[in-house]
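*Asks:* One structure coming up, written as structure tokens, with questions to follow.
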Amino acid sequence: MGARAQYVVVDNGAWQRYYSHWAAGRVVDDLLPGPAAATRCFRANREIDEWLDDVWCEGAALVDHDRRTLLWFAYVGDWVDHVAARAVLARTWPGWDVRFAHDGMGDLTHHLGLGRGLTRTPGWFETFEASGFSSSEYAEPCAVVSLRLPDGRVRAWGSDWEPVEHLAAGSRLIDLIAASSATPALTDMPYGGVHVDPQARTVSLWAVRTVAGVHDWPLPGWEGWDLDFRGDDHARQAGLLPTDFPFPSPPLAPALRKLADGLTAPLPDMSAPLARAAEASAPAGTTPVVNPAALVPHEPADPTPAELAALRGAIDALVAEAEAG
């Protein structure tokens, strides 16, 4: 139970780790006001001397003041919510290299010179042998898969799999994709996309979610293939899609306004569910165990009035630009 977040702050050649049991869903909110506010917020949490792994850590941020670099990952909502968050961070972290950590905790530990496998056990990347392709019946699929056919044409399908799951299935998935029936045209942007070109032996990937393991190429089942990793940029795949299967263009202004509305939204009151968890009885013959960290609500250090005003100004300017086209 919980939405665990880990933070790392680097300053003057030293780094410290902090932890919140409930803050994964607030990583972006805590980052939006800028470097100073985010650093105060993260340092207000409990300092720890261990790393979370990719399973338990649902959101994280590394703020490196020495190299003016921000790495972060968290679930922020739909594709357009991710784009809105990136746009605001670009304004409120001027002069910083702001990057989404697609490799999850691997990107954070790699940045510190500790390698990508520090929190991962050998063989941690789980592959599977697909018996079929999970083409989507819906117009709002999780991912879009496109395939260049032997005659040079490109076909595309909506998929219910996460973007990285297509890599976990290996190149033998190609025949299953090619044999799939058509899927509905898109009405919303997916969370990512995969384009496969068997003739060039290249697979291209983009995503607005983590795709842990993407830098450990070649992944099992893709030996002899090249990976064209595009981060969260969908432009290349957009240029390859058939004209009857285009990516939609959701308006950005509503997503920006949603971020602005969240600035004054109170944190959820966790006292009642925490009290119930602490008092819950265990099944007969067992001993109840409650993680002490779960009893500590997330209480971030609030941005100053000046920081909030600057953030609102940045969002208002972006809304105006979005609406102006």
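*Asks:* With the condition kept exactly as written, say whether any residue in the range 161-180 is open to solvent by 70 Å² or more (accessible area, probe 1.4 Å) and modelled with pLDDT of 95 or more.
*Replies:* First pass over the range 161-180, keeping only residues open to solvent by 70 Å² or more (accessible area, probe 1.4 Å): 172, 175, 179.
If we keep only those that are modelled with pLDDT of 95 or more as well, we get none.
Within the range 161-180, not a single residue is open to solvent by 70 Å² or more (accessible area, probe 1.4 Å) and modelled with pLDDT of 95 or more.
*Asks:* Separate question: Give V194, V203, V211 a once-over and let me know the one that is of a type in the set (V, I, T), touching a residue at least 60 places away in the same chain (Cβ under 8 Å), crowded, with 17+ Cβ neighbours inside 10 Å and touching a helix residue (DSSP H, G or I) at 6+ places or on another chain (Cβ under 8 Å). So that I can check it myself, show each step before the final result.
*Replies:* Working: V194 fails: touching a residue at least 60 places away in the same chain (Cβ under 8 Å); V203 fails: touching a residue at least 60 places away in the same chain (Cβ under 8 Å).
Going through V194, V203, V211 in turn, just one is of a type in the set (V, I, T), touching a residue at least 60 places away in the same chain (Cβ under 8 Å), crowded, with 17+ Cβ neighbours inside 10 Å and touching a helix residue (DSSP H, G or I) at 6+ places or on another chain (Cβ under 8 Å): V211.
*Asks:* From the residues in the range 1-16 that are under 20 Å from the mean Cα position of the chain (by Cα) and modelled with pLDDT of 85 or more, which one is surrounded by the fewest Cβ atoms within 10 Å (Cβ to Cβ)?
*Replies:* A3
*Asks:* Sticking with this structure for a sec: Which members of the range 56-94 meet the condition of being surrounded by 16 or more Cβ atoms within 10 Å (Cβ to Cβ) and basic (K, R)?
*Replies:* Selection gives R86, R91.
*Asks:* Let me ask you something else. For the range 107-121, which residues satisfy the criterion of being assigned to a helix (DSSP H, G or I) and either in contact with a Cys (Cβ under 9 Å, 6 or more places away or on another chain) or open to solvent by less than 70 Å² (accessible area, probe 1.4 Å) (or both)?
*Replies:* Going residue by residue through the range 107-121, those that are assigned to a helix (DSSP H, G or I) are 107-111.
If the condition is that a residue be assigned to a helix (DSSP H, G or I) and either in contact with a Cys (Cβ under 9 Å, 6 or more places away or on another chain) or open to solvent by less than 70 Å² (accessible area, probe 1.4 Å) (or both), then D107, L108, T109, H111 are the ones that fit.
*Asks:* Now for a separate question. Considering (1) touching a Gly at 6+ places or on another chain (Cβ under 8 Å); (2) assigned to a loop (DSSP other than H, G, I, E, B), say which one A60 fails and leave the rest.
*Replies:* Single failed check for A60: (2).
*Asks:* Taking only the range 147-169 into account, find how many residues are in contact with a strand residue (DSSP E or B) (Cβ under 9 Å, 6 or more places away or on another chain) and outside any strand (DSSP E or B). Don't jump to the end; show me each part of the working.
*Replies:* Quick first cut of the range 147-169, residues in contact with a strand residue (DSSP E or B) (Cβ under 9 Å, 6 or more places away or on another chain) only: 147-149, 154-167.
Retained after the next criterion (residues that are outside any strand (DSSP E or B)): 149, 160-167.
The total comes to 9.
*Asks:* Checking E137 against (1) modelled with pLDDT under 95; (2) over 30 Å from Q199 (Cα atoms): exactly one of these is not met. Which one?
*Replies:* (2)
*Asks:* Would you please name the residue that is surrounded by the most Cβ atoms within 10 Å (Cβ to Cβ), looking only at residues in the range 30-55 that are out of contact with any strand residue (DSSP E or B) (no Cβ under 9 Å at 6 or more places or on another chain) and more than 22 Å from P303 (Cα to Cα)?
*Replies:* The initial filter retains those residues of the range 30-55 that are out of contact with any strand residue (DSSP E or B) (no Cβ under 9 Å at 6 or more places or on another chain), namely 32-34, 36-37, 40, 53-55.
Still in the running and more than 22 Å from P303 (Cα to Cα): 53-55.
Details: D53: 16, D54: 19, V55: 13.
Once the filter is applied, the top-ranked residue is D54.
*Asks:* If you don't mind, another one. Taking the range 122-145 as the search range and keeping residues that are in contact with a Pro (Cβ under 6 Å, 6 or more places away or on another chain) and farther than 17 Å from A212 by Cβ, which one is surrounded by the fewest Cβ atoms within 10 Å (Cβ to Cβ)?
*Replies:* The extreme case among them is A139.
*Asks:* Taking only the range 30-54 into account, find how many residues are within 23 Å of G77 (Cα to Cα) and in contact with a Cys (Cβ under 9 Å, 6 or more places away or on another chain).
*Replies:* Looking only at that region, the number is 3.
*Asks:* Applying the selection to the range 220-241, what residues are touching a residue at least 12 places away in the same chain (Cβ under 8 Å), open to solvent by 30 Å² or more (accessible area, probe 1.4 Å) and either part of a loop (DSSP other than H, G, I, E, B) or among the aromatic types (F, W, Y) (or both)?
*Replies:* Taking the range 220-241 as the starting set, the residues that turn out to be touching a residue at least 12 places away in the same chain (Cβ under 8 Å) are 220-222, 224-234, 236-237, 240-241.
Still in the running and open to solvent by 30 Å² or more (accessible area, probe 1.4 Å): 220, 224, 226-230, 232-234, 236, 240.
Those that are touching a residue at least 12 places away in the same chain (Cβ under 8 Å), open to solvent by 30 Å² or more (accessible area, probe 1.4 Å) and either part of a loop (DSSP other than H, G, I, E, B) or among the aromatic types (F, W, Y) (or both): P220, G224, F229, R230, D232, D233, H234.
*Asks:* Does the range 186-201 hold any residues that are of a type in the set (G, A, S), under 25 Å from Y75 (Cα atoms) and either part of a loop (DSSP other than H, G, I, E, B) or in contact with an Asp or Glu (Cβ under 9 Å, 6 or more places away or on another chain) (or both), and which are they?
*Replies:* At the first step, the residues of the range 186-201 found to be of a type in the set (G, A, S) are 192-193, 200.
From what is left, the residues that are under 25 Å from Y75 (Cα atoms) are 192-193.
The answer is G192, and nothing else.
*Asks:* Any residue at all in the range 137-146 that is in contact with a helix residue (DSSP H, G or I) (Cβ under 8 Å, 6 or more places away or on another chain), of a type in the set (D, E), within 30 Å of A61 (Cα to Cα) and assigned to a loop (DSSP other than H, G, I, E, B)? Write out each step before concluding.
*Replies:* Step one: filter the range 137-146 for residues in contact with a helix residue (DSSP H, G or I) (Cβ under 8 Å, 6 or more places away or on another chain), giving 142-146.
So of that shortlist, the ones also of a type in the set (D, E) come out as none.
Within the range 137-146, none of the residues are in contact with a helix residue (DSSP H, G or I) (Cβ under 8 Å, 6 or more places away or on another chain), of a type in the set (D, E), within 30 Å of A61 (Cα to Cα) and assigned to a loop (DSSP other than H, G, I, E, B).
The values are calculated or read from the model by the stated rules, or taken from the named source; none is laboratory data. The structure presented is a predicted model; accordingly, all values stated were derived computationally and were not measured. No Cβ is skipped: glycine too gets one built from the backbone with ideal geometry, and neighbour counts run over all protein chains shown. These area figures cover heavy atoms from the full protein model, side chains too; ligands, DNA and RNA do not enter into them. Shrake-Rupley method; radii C 1.70, N 1.55, O 1.52, S 1.80 Å.
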